[in-house]
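Have a look at the structure below, then the notes.
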Amino acid sequence: YETGVLVGTSVAGMLLLGVSGAVAALGDTLFPSETLMEGLRQDVSDTAHVFIRRRILHPVLAVSMGALLVLIGRWMARLRPSAEVKRAALAISILYSVQLMAGLVNVVLLAPVWLQLVHLLLADFVWMAVVSLCAAGLAADAPRAEPVVETVSTHASPV
């Protein structure tokens, strides 16, 4: 049951993140900023296009979802301690760090097309790692974590 919830959360979060990234990239492409400060002012302007005002959601979702994916990967590695699950969880952690750096550089450089493509390629790698994690965690032959059973002592302690 827990593994299914983790898989569903991962996929749903990645879909939401992908949509927000598409909106942010479209806003950056259609309405490019001359400077970083101008772009930040546009993000909070009531008169800016909806794509511009919504692009701030992508970095917020990206940081949150990336951290959640790393936690889900670690949790899944405890629930299904196989080499494949551990490898996918490690890949997600590494890709999350690289993707955050690429996203930050993308913002600072005002989203040049070549860097948007690199960022998109990295997002594809993250998707592959998430799919690998989900497949390995849901595999019928995936090892299961041993449940921890606490025993209660029935002996009375001496007073």
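Quick notes on this one:
- All told, M76 falls short of being open to solvent by 30 Å² or more (accessible area, probe 1.4 Å) and aliphatic (A, V, I, L, M).
- Taking region 1-56 as the region of interest, none of the helices (runs of 4 or more DSSP H) fully inside it holds 3 or more residues being in contact with a strand residue (DSSP E or B) (Cβ under 6 Å, 6 or more places away or on another chain), among the charged types (D, E, K, R) and under 30 Å from S93 (Cβ atoms).
- Filtering L100, L133 for residues that are in contact with a helix residue (DSSP H, G or I) (Cβ under 8 Å, 6 or more places away or on another chain) and either open to solvent by 50 Å² or more (accessible area, probe 1.4 Å) or modelled with pLDDT under 95 (or both) leaves a single hit, L100.
- Scanning region 22-38 for any residue that is open to solvent by 70 Å² or more (accessible area, probe 1.4 Å) and at pLDDT 95 or above turns up nothing.
- Subset of region 49-74 [without any contact (Cβ under 8 Å) to a residue 12 or more places away in the chain and over 27 Å from S97 (Cβ atoms)]: V50, R53
- Lone qualifier among T3, T29 - being more than 22 Å from A102 (Cβ to Cβ) and either touching a helix residue (DSSP H, G or I) at 6+ places or on another chain (Cβ under 8 Å) or in contact (Cβ under 8 Å) with a residue 40 or more places away in the chain (or both): T3
- Apart from one condition, A111 fits all of (1) over 22 Å from A25 (Cβ atoms); (2) modelled with pLDDT under 95; (3) hydrophobic (A, V, I, L, M, F, W, C); the exception is (1).
The values are calculated or read from the model by the stated rules, or taken from the named source; none is laboratory data. Just so it is clear, the structure is predicted and the values come from calculations on it, not from any experiment. In this analysis, Cβ positions are derived from the backbone assuming ideal geometry, glycine residues included, and neighbour counts consider all displayed protein chains. For accessibility, only protein heavy atoms count, side chains too; no ligands or nucleic acids. Shrake-Rupley method; radii C 1.70, N 1.55, O 1.52, S 1.80 Å.
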